[in-house]
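A.B. asks: There's a structure below that I have some questions on.
The values are calculated or read from the model by the stated rules, or taken from the named source; none is laboratory data. Since the structure is predicted, the reported quantities are computational estimates derived from the model, not experimental observations. Note: ideal-geometry Cβ built from the backbone for every residue, glycine included; neighbour counts use all protein chains shown. Accessible surface areas use protein heavy atoms only, side chains included; no ligands, DNA or RNA. Shrake-Rupley method; radii C 1.70, N 1.55, O 1.52, S 1.80 Å.
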Amino acid sequence: MSRPREKRETGKQDLFRSRLDQILNMSHELVRLAQTIDWPVLEERFGAVYSDGPGMPPLPTRLMAGLAILKHTFDLSDEELCARWVENPYFQYLCGEEFFCHELPFDRSSMTRWRQRMGEERIAALLQESLAVAIKTGAMKPADTRRVIVVTTVQPKNVMYPTDAKLIHRARERLVRLAKQVGLDLRQSYVRVGKLALIKHQRYAHAKQFKRANRALRTLKTYLGRTIRDIRRQIADDEELDAIFKWPLYQGETVMQQRQRQRGRKIYSLHAHEVECIGKGKAHKPCEFGVKVSIATTLKRSKGGQFALHAMALPGNPYDGHTLATVIPDMEKTIGNELSRILADAGYRGHNAPESHKFRVFTAGQKRRVTPAIKRQMRRRSAIEPVIGHIKNEHRMDRNYLAGAQGDTVNAILAAAGYNFSLLLKWFRQLLWMFATLFGIRPGQLLPDYRSLFTIDELS
């Protein structure tokens with residue numbers, strides 16, 4: 001695939017259309033953000049996945065990166081973002097448009113394909129750029145990134161709450177549907193009686209009549225087992241059908257055989273088999289189904305707020321302390337600075353941090369090497385909790401809708417980047433009203449372009 005044709009400011013005029021920079025308030029925070037982001041750097045990072053060759057060029061990098069920023073900054077789905085992009089000129093300006101567009105210049109599925117093509121390594125450039133903009137505008141100092149707080153949380157997947165009865169019923173439904181598509185004539189589909197058995201199980205379990213509930217569960221297993229054996233008999237000599245049914249049959253047999261408290265991997269969702277059951281000791285949520293994510297923030301609250309420095313998905317539900325060997329080098333690569341102090345909770349005891357950082361990690365309850373200054377800093381360790389709350393509730397980490405294990409990694413990074421960009425928008429808004437107060441401008445008056453009066457260094 002050829003390289004994208006990047007958008008450049010042309011300054012051209014149109015007789016029948018007005019330029020966006022002539023009809024927008026150029027002091028708006030989205031305009032300021034668009035002017036501060038270093039788009040050529042992002043174009044170089046994201047353009048590395050393309051090569052010069054024949055074919056239709058992909059969509060511009062600024063358009064796709066701008067859409068990713070807007071999606072997670074304002075907590076929008078792909079469909080909602082497309083609807084708002086058409087009617088919001090500030091969104092279009094951020095994405096590099098010079099004139100107002102009345103129709104989408106892209107398809108909604110283009111956003112999905114772009115995220116999949118970029119992957120975790122290049123999507124991290126958006127998080128790096130959010131930190132670079134924060135330092136460039138004075139919202140954060142480079143020294144703030146040297147002392148960090150690290151904690152792990154759970155990023156839930158968009159799956160229903162798994163129960164044995166639901167999984168067994170759904171596995172049989174998927175097998176029956178697939179058999180109908182390929183033309184197999186099953187002895188019995190159990191569509192009616194299978195649904196009735198599921199309803200009985202749910203009612204008995206709700207009434208705490210567990211003997212009857214277990215009897216209904218055995219009925220569901222019987223229906224699934226008969227369906228699996230029927231399909232296996234009919235595809236025994238057909239390699240093509242065997243390849244089609246290999247994964248659904250494996251899922252059905254695994255769901256039917258797995259038991260409570262068994263060791264090893266279990267299937268909690270048929271369409272998202274990467275989902276894991278993770279318990280974080282919450283009274284209201286004993287178990288969460290998704291993937292473990294490491295989040296790191298600054299220890300000191302910067303002028304612009306408590307910025308998220310790093311986000312990384314950790315598949316396999318590893319022990320918290322055994323994640324630092326991977327998290328610390330990746331964090332230093334993201335922020336471009338060496339960490340001098342890392343504060344963590346008691347779950348990181350017995351950590352495996354690199355030798356160079358072994359004595360820079362301090363955990364809750366630690367006695368050795370803890371000075372009075374470090375003890376005071378440990379009181380700020382809980383400051384990361386509201387940051388996680390904002391990232392989850394306002395920036396799409398509370399329920400991950402992106403498919404696959406790659407969707408877990410990409411969504412965690414984009415959620416942290418969206419949180420940082422939302423802090424930057426608040427920072428630009430505060431600067432705007434600060435200069436409005438300085439110049440004595442009344443509410444309702446047109447605010448001046450304060451960047452024409454001061455340089456970025458003077459603002460910092």
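A.B. asks: Please give the length that would be gained between Arg117 and Arg146 if that part of the chain were fully extended, namely 0.36 nm times their separation in residues minus their C-alpha to C-alpha distance (nm, one decimal).
C.D. replies: Taking Arg117 through Arg146 to full extension adds about 7.2 nm, to one decimal.
A.B. asks: Sticking with this one: Loop only by DSSP, 13 or fewer other Cβ within 10 Å of the Cβ. Give me the chymotrypsin sites (Phe, Trp or Tyr not before Pro) in segment 334-411 that pass, ordered by residue number.
C.D. replies: In loop regions of segment 334-411 (DSSP not H, G, I, E or B), the sparsely surrounded chymotrypsin sites (Phe, Trp or Tyr not before Pro) are Tyr401.
A.B. asks: While we're looking at this one, here's another question. At a probe radius of 1.4 Å, what is the per-residue accessible area of Cys95, in Å² to the nearest 10?
C.D. replies: Surface accessible to solvent at Cys95 totals approximately 0 Å².
A.B. asks: While we're here: Tell me which residues come under 5 Å, amide H to amide H, from His310 once H is placed; ignore anything under 5 positions away on its chain.
C.D. replies: HN-HN under 5 Å from His310: Ala296.
A.B. asks: Using packing as a proxy for protection, rank 382-393, 302-313, 2-13 so that the peptide with the highest average count of other Cβ atoms within 10 Å comes first.
C.D. replies: 302-313, 382-393, 2-13
A.B. asks: With Rg and Dmax of the Cα atoms in Å defined as stated, name the option among [x] 26.7, 85; [y] 28.4, 93; [z] 21.8, 75 computed from the structure displayed.
C.D. replies: Checking each listed value against the structure points to [x].
A.B. asks: Also, quick follow-up: What FRET efficiency comes out for Arg376 versus Lys285 if R0 is 35 angstrom and r is the Cβ-Cβ distance? Round to the nearest 0.05.
C.D. replies: After rounding to 0.05, the efficiency reads 0.65.
A.B. asks: Still on this structure, I have one more. For the pair Lys367 and Met434, how long in nm is the line joining their label points, each one 7 Å along Cα→Cβ?
C.D. replies: 4.6 nm
A.B. asks: Is there a quick way to get the dipole size of the chain? I mean about its Cα centre, with the Cβ of Lys and Arg at +1 and of Asp and Glu at -1; what is the value in debye to the nearest 20?
C.D. replies: 3120 debye
A.B. asks: Between Ala207 and Arg399, what is the label-point separation in nm under the 7 Å Cα-to-beta-carbon projection?
C.D. replies: Spacing of the two 7 Å Cα→Cβ label points: 3.1 nm.
A.B. asks: What is the packing order of peptides 67-73, 131-137, taking the mean over residues of other C-beta atoms within 10 Å and listing the highest first?
C.D. replies: The packing order, highest mean first, is 67-73, 131-137.
A.B. asks: Next up: Farthest toward the dipole's positive end in the chain, which of Ala373, Ala313, Thr112, given Cβ charges of +1 (Lys, Arg) and -1 (Asp, Glu) about the Cα centre?
C.D. replies: Result: Ala373, furthest along the dipole toward the positive end.
A.B. asks: Any idea what % of Cα-Cα pairs in segment 41-197 are farther than 26 Å?
C.D. replies: 54 percent
A.B. asks: Still on this structure: Under the 0.36 nm per residue contour assumption, what length would be gained going from the current alpha-carbon distance of Met160 and Arg19 to full extension?
C.D. replies: 46.0 nm
A.B. asks: Kindly report the accessible area of segment 29-85 per residue (heavy atoms of protein chains, probe 1.4 Å, no ligands, DNA or RNA), in Å².
C.D. replies: Ligands and nucleic acids excluded, the figure is 37 Å² per residue.
A.B. asks: Considering the options Leu175, Ile413, Gln202, tell which one lies farthest towards the positive end of the dipole of the chain, charges being +1 on Lys and Arg and -1 on Asp and Glu at the Cβ, about the Cα centre.
C.D. replies: Gln202
A.B. asks: Can you list the residues, at least 5 places off or on another chain, whose amide H is less than 5 Å from the amide H of Ser302, using H built in the peptide plane?
C.D. replies: Phe307
A.B. asks: With the full set of protein chains in place, find how many percent of the accessible area of the chain is carbon and sulfur; take the probe as 1.4 Å.
C.D. replies: For the chain, the apolar C and S fraction of the accessible surface comes to 51 percent.
A.B. asks: Using the Karplus equation 6.51 cos²θ - 1.76 cosθ + 1.60 (θ = phi - 60°), what ³J(HN,Hα) coupling, rounded to whole Hz, does each residue of segment 298-309 give in order, writing x for Gly and Pro?
C.D. replies: With the stated coefficients, segment 298-309 comes to 5, 6, 8, 6, 6, 4, x, x, 8, 7, 8, 8 Hz.
A.B. asks: Using amide H atoms built in the peptide plane, which far-off residues or other-chain residues are under 5 Å from Glu288 H to H?
C.D. replies: HN-HN under 5 Å from Glu288: Ile278, Gly279, Lys280.
A.B. asks: Along the charge dipole of segment 237-312, Cβ charges K/R +1 and D/E -1, which of Leu299, His271, Gln251 sits furthest on the positive end?
C.D. replies: In segment 237-312, that residue is Leu299.
A.B. asks: Let me ask something else about it. Binned at 5 Å from 0, what are the whole-percent values of the Cα-Cα distance distribution for segment 150-212, short to long?
C.D. replies: Whole-percent P(r) values from 0 Å outward: 3, 14, 18, 18, 14, 12, 9, 6, 3, 2, 1, 0.
A.B. asks: Once the cut-off is 18 Å, how many percent of the Cα-Cα pairs in segment 341-390 end up in the long-distance tail?
C.D. replies: Tail of the P(r) past 18 Å holds 32 percent of the pairs.
A.B. asks: In nanometres, what is the gap between the two model label sites at Ala236 and Thr222, each 7 Å from Cα along Cα-to-Cβ?
C.D. replies: Computed distance between label sites Ala236 and Thr222 equals 2.4 nm.
A.B. asks: Using the Karplus curve 6.51 cos²θ - 1.76 cosθ + 1.60 with θ = phi - 60°, what ³J(HN,Hα) values do you get for each residue of segment 180-194, in whole Hz, with x for Gly and Pro?
C.D. replies: Values, residue by residue: 5, 5, 8, x, 7, 9, 6, 4, 7, 9, 6, 5, 6, 6, x Hz.
A.B. asks: Eigenvalues of the Cα gyration tensor times 5, then square-rooted: what semi-axes does that give for segment 135-250, in whole angstrom, largest first?
C.D. replies: Largest first, segment 135-250 gives 45, 25, 11 Å.
A.B. asks: Tell me, what is the Rg over Rh of segment 316-431, with Rh the Kirkwood radius over Cα pairs?
C.D. replies: We get a ratio of 1.00 for segment 316-431.
A.B. asks: Note down, for segment 268-341, the three equivalent ellipsoid semi-axes (square root of 5 times each alpha carbon gyration tensor eigenvalue), biggest first, whole angstrom.
C.D. replies: 28, 16, 12
A.B. asks: Oh, and also: Can you tell me the relative contact order of the chain? Whole percent, Cα pairs under 8 Å, sequence separation 6 or more.
C.D. replies: 22 percent
A.B. asks: When DSSP beta bridges are limited to those with both residues in the chain, what percentage is antiparallel, rounded to the nearest 5?
C.D. replies: Of the beta bridges lying entirely in the chain, close to 75 percent run antiparallel.
A.B. asks: Could you do me a favour and compute the accessible area per residue for segment 143-284, 1.4 Å probe, result in Å²?
C.D. replies: 62 Å²
A.B. asks: Suppose only helical runs count, i.e. DSSP H with n ≥ 4. What mean residue ellipticity at 222 nm does that imply for the chain under -39500 (n - 2.57) per run, divided by all residues and rounded to the nearest 500 deg cm²/dmol?
C.D. replies: Roughly -16000 deg cm²/dmol at 222 nm, from the helical runs in the chain.
A.B. asks: Could you give me the ³J(HN,Hα) list for segment 270-275, computed from phi with Karplus coefficients 6.51, -1.76, 1.60 and θ = phi - 60°, whole Hz, x at Gly and Pro?
C.D. replies: 6, 8, 9, 6, 7, 5
A.B. asks: Give me the extension gain from Arg187 to Ala83: residue separation times 0.36 nm, minus the current Cα-Cα distance, reported in nm with one decimal.
C.D. replies: 32.7 nm
A.B. asks: Using only the Cα atoms of segment 206-348, construct the convex hull and provide its projected area averaged over every direction, in square nanometres to one decimal.
C.D. replies: 14.5 nm²
A.B. asks: Hey, can you rank 319-329, 20-30 by average C-beta count inside 10 Å, highest first?
C.D. replies: Answer by packing, highest mean first, reads 319-329, 20-30.
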